[in-house]
Protein chains: 2
Amino acid sequence: MFKEKGYAATSMRGLASEVGIEAASLYNHIKSKHDILQEVCFEIAGHFLMNLEEPYDQNLSATERLKIAIENHLHVIIDNIDAAAVFFNEWRHLENEQLQIFKKMRGDYENHFLEILKAGQKSGEFRKVNEKLIALTLFNSMNWIYQRYQPKGKWDSKKIANELAELFITGIKNKN
Amino acid sequence: MFKEKGYAATSMRGLASEVGIEAASLYNHIKSKHDILQEVCFEIAGHFLMNLEEPYDQNLSATERLKIAIENHLHVIIDNIDAAAVFFNEWRHLENEQLQIFKKMRGDYENHFLEILKAGQKSGEFRKVNEKLIALTLFNSMNWIYQRYQPKGKWDSKKIANELAELFITGIKNKN
DNA sequence: CCTACCGATCGGTAGG
DNA sequence: CCTACCGATCGGTAGG
C-alpha cells in the first residue's frame, strides 16, 4: 500500500483492513506508522550496504568491479521489489535522525560507484568523465526497474544486469 | 511543498500560510487541491510533448535525433525544476481520467525514444539492444537530475546534456 | 484481538 | 480576502 498510494496517503485503518483486523489491533505488532516505514527503508538499505562490505578480489579490474556492483544492485531491487519501491519513493517521510542516517547511507553507497569510476580512469580502462555526474546517472538508471519489472514477465534479472552493464561499460570505456 | 513533503502530506492550510493567507482564501484561486496537482503535472507533460511535435529534419541520423531528444528532455526538467519533481513523484495521486491521460502521454513519450533506438538499429548506427529496456533506462537515467541540479551550482545544463548523450550514444554505437 | 473513544487535523463551504 | 464552521478521517490509546 505504501508503494501504490504512498506513505502519507495510506491509513492505519487501510492497512488493518488489508490484513483483516481492526486498526487498533495493529499496535500489538508495531509501535507506530512511522515504525513500519523505518523498518522497510532500513531493511533495504541493509541489503544494499551488504554488497559493499563483501571484500573484493584485489586483482579485479574496475570494469569487472563495476559489472558486479550493477548486478548486485539490480538483484537487491528485483528480490525486494515492493520494499524497494517504498525505499526509493517514501524515504523522505523518515524523520530527524532516521532521515540523517538514511542520507548518510545513501551517500556512502553512491561513493562506491564513484570510487570504481575513479579507479577505472586511473587505470586507463575508462575515459575521462565527470565522475560524479556519471556515478549518479548510473545509480539512478537502475532504480526505476521496480516500476516495470514483472516477476513472471519476459525480462530476466540476469539479462537486465548484463544489458545495463554493457551499456554503461561500453559508454565509458576508453576507445582502443 | 508538494516537492518537499509530497502531495498527500501537504495541507491546504500549509500552502495558504506559505502564501500568507487563510486556507479558505485559496479557493478563490483554485478549485481544489487536486486541481493544483493536475495543473502542475499537465503543464510539465505539455512541455515534454512539445518536444515531440517539432518536425525534425528527415536527413538527421538517429544518433543526432537521440542527442536532440536528450538535450530537450533535460532542458524541460532543468527549466522547471520544482514542477518536474512534482511531475515525477506525485503523478500517482492523479485520479481517474486524469491518471489515464497521464499514463498515455508518458507512454507516447517513451515511445519516441523507442522509435529512435529502432531507427538507429535499422540504419546500423546502433548495435542490437533490447530496445524497450534501453529506452526506459535512458528515459529514467535523466529523470533524477532535478534532485541534484542546483541552478547556481557548478553543473551547466548543456554540459550535462552533452555528457549524458555521449555516455548513451557511445554505449549503443556499433563498434567499428 | 476487539469496542469505544480521544484530540487533532483534513479538504472544503457558507456567508459576508 | 476573512471568520466560522461542516462532516470525515487521521494516528493512536484505554481497557478488556
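Read the figures in this text as sums done on the coordinates, not as results from a lab. Owing to the predicted nature of the structure, the values given are computational and were not obtained by experimental measurement. Counting neighbours? That spans all protein chains shown, and the Cβs are built from the backbone with ideal geometry, glycine included.
Summing charges over all other residues whose Cβ lies under 13 Å from the Cβ of B:M1, with Lys and Arg as +1 and Asp and Glu as -1, gives +1. Other residues within the sphere of radius under 12 Å centred on the Cβ of B:R65, judged by their own Cβ, net out at -4 (K and R +1, D and E -1). Which is farthest toward the positive dipole end of segment B:70-176 among B:P151, B:F113, B:I172, measuring Cα position about the Cα centre, with Cβ charges +1 (Lys, Arg) and -1 (Asp, Glu)? Comparing the listed Cα positions along the dipole, B:I172 ranks first. Ignoring aspartates and glutamates fewer than eight residues from A:K122 along the same chain, the ones with Cα atoms less than 17 angstrom from its Cα are A:E64, A:E131. With the simple spin-label model, which puts each label point 7 Å out from Cα in the Cβ direction, the B:E115 to A:K175 separation comes to 2.9 nm.
Counting only DSSP H runs of at least 4 residues, each contributing -39500 (n - 2.57), and dividing by the residue count of the protein assembly as shown, the helix-based mean residue ellipticity at 222 nm comes to -22500 deg cm²/dmol. Judged by the ratio a/c of the largest to the smallest principal axis of the C-alpha gyration tensor, chain B counts as prolate, that ratio being 1.5 or greater while a/b is larger than b/c. Qualifying GluC sites (Glu not before Pro) in segment A:14-53, where qualification requires a DSSP coil assignment and no more than 15 other C-beta atoms within 10 Å, comprise A:E22.
Shown here is the pair-distance distribution of the protein assembly as shown: with all Cα-Cα distances grouped in 10 Å bins from zero up to the longest one, the shares run 5, 21, 32, 26, 12, 4, 0 percent. Over all other residues within a Cβ to Cβ distance under 14 Å of B:L74, the charged ones net out to -1, with Lys and Arg as +1 and Asp and Glu as -1. For segment B:67-107, backbone nitrogen atoms closer than 19 Å to the point 7 Å from A:R106 Cα along Cα-to-C-beta are found at B:78, B:81-92. With its label point put 7 Å out from Cα toward Cβ, B:P151 sits 4.5 nm from the same residue's point in the other copies, in order from shortest. Across the copies of the chain, B:R13 has label points (7 Å from Cα along Cα→Cβ) spaced 1.9 nm apart, shortest distance listed first. In this simple spin-label model, placing a label point 7 Å from the Cα along the Cα-to-Cβ direction at both B:E39 and B:Y56 gives a separation of 3.4 nm. Annotation note: trypsin sites (Lys or Arg not before Pro) in segment A:18-108 located in DSSP loop regions with a Cβ neighbour count of at most 12 within 10 Å are A:K31. Cross-link pairs exceeding 18 Å between alpha carbons, from the set A:K31/B:K5; A:K132/A:K175; B:K118/B:K173: A:K31/B:K5; A:K132/A:K175.
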